[in-house]
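The values are calculated or read from the model by the stated rules, or taken from the named source; none is laboratory data. None of the values given here were measured: they were computed from a predicted structure. Counting neighbours? That spans all protein chains shown, and the Cβs are built from the backbone with ideal geometry, glycine included. All accessible areas refer to the heavy atoms of the entire protein, side chains included, with ligands and DNA or RNA removed. Shrake-Rupley method; radii C 1.70, N 1.55, O 1.52, S 1.80 Å.
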Amino acid sequence: MTTGAPTPTYPARPRRSRLRTYLPLGIAVWLVLEIWLLTVVAGAASGFAVFLLLVAGFVLGSVVIKRAGRRAFRNLTETLQQQQSGVAPTSGGGEGNGLMMLGGLLLMIPGLISDALGLLLLIPPVQKALSRYAERTIDRKIREASPGSVGDAFQQARIHRPDGKVVQGEVIREENPTADPGPRPPLNR
């Protein structure tokens, strides 16, 4: 029996991204491999050796994270002091702190695969290669972003003058746009 009421149409579910589909499976496989590798090493050496490896990884990871955090804070302090004194801040030594912290975190996670990846992230050429790859990927994503999106806002925030300096600006909304305030003062450079 029909009542004449329209049948509700539900919008189609958006398709899940590959990352959302395969990330849980990847994490499960990684955990199984970590546990299996720990049992293989424990069988070959001893359980105490595996325990010492895990404790050493945790201690080394915490030292790496502490060192990278101190270096990042020192770089931030130097940059702020240079900006306050009017000197153009020099960019140097700031890159790689995030990757060092990630490497330290991977060292702190129990497991031999995560320890190997953490140690790999502590190698400076690997850090530089990953930094360049991430920068290129982010720049490409920003360029591909549609107008009006978050990527467009990032693009607008990166406007530079021909001499390489960033253009500082502020939006001022007038209360009464019809009233003529008169001549405006010249812009200072």
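Check whether at least one residue in the stretch 81-99 is among the aliphatic types (A, V, I, L, M), modelled with pLDDT of 65 or more and within 18 Å of VAL64 (Cα to Cα), and report yes or no.
Checked against the condition, which is being among the aliphatic types (A, V, I, L, M), modelled with pLDDT of 65 or more and within 18 Å of VAL64 (Cα to Cα), the stretch 81-99 yields at least one hit.
Under 9 Å between Cβ atoms, at least 6 apart or on separate chains: pull out the pairs that start in the stretch 120-134 with a residue that is over 12 Å from GLY96 (Cβ atoms) and modelled with pLDDT under 90 and end on any residue that is among the polar types (S, T, N, Q) and exposed (fewer than 13 other Cβ atoms within 10 Å of the Cβ).
Taking only residues 6 or more apart or on different chains, not a single pair turns up.
Quick check, is SER85 open to solvent by less than 50 Å² (accessible area, probe 1.4 Å) and over 23 Å from ILE27 (Cα atoms)?
Against the criterion (open to solvent by less than 50 Å² (accessible area, probe 1.4 Å) and over 23 Å from ILE27 (Cα atoms)), SER85 does not qualify.
Given the condition over 17 Å from LEU106 (Cβ atoms) and either open to solvent by less than 60 Å² (accessible area, probe 1.4 Å) or not in a helix (DSSP H, G or I) (or both), answer yes or no: does some residue in the stretch 56-71 qualify?
No, the stretch 56-71 has no match at all.
For residues that are in contact (Cβ under 8 Å) with a residue 12 or more places away in the chain and not β-branched (Val, Ile, Thr), scanning just the stretch 32-51, find the one that is most open to solvent (accessible area, probe 1.4 Å).
Going through the qualifying residues, I end up with LEU33.
Quick check on the stretch 119-139: of everything there that is of a type in the set (Lys, Arg) and surrounded by fewer than 12 Cβ atoms within 10 Å (Cβ to Cβ), which residue is farthest from ARG67 (Cα to Cα)?
Ranking the candidates gives ARG136 first.
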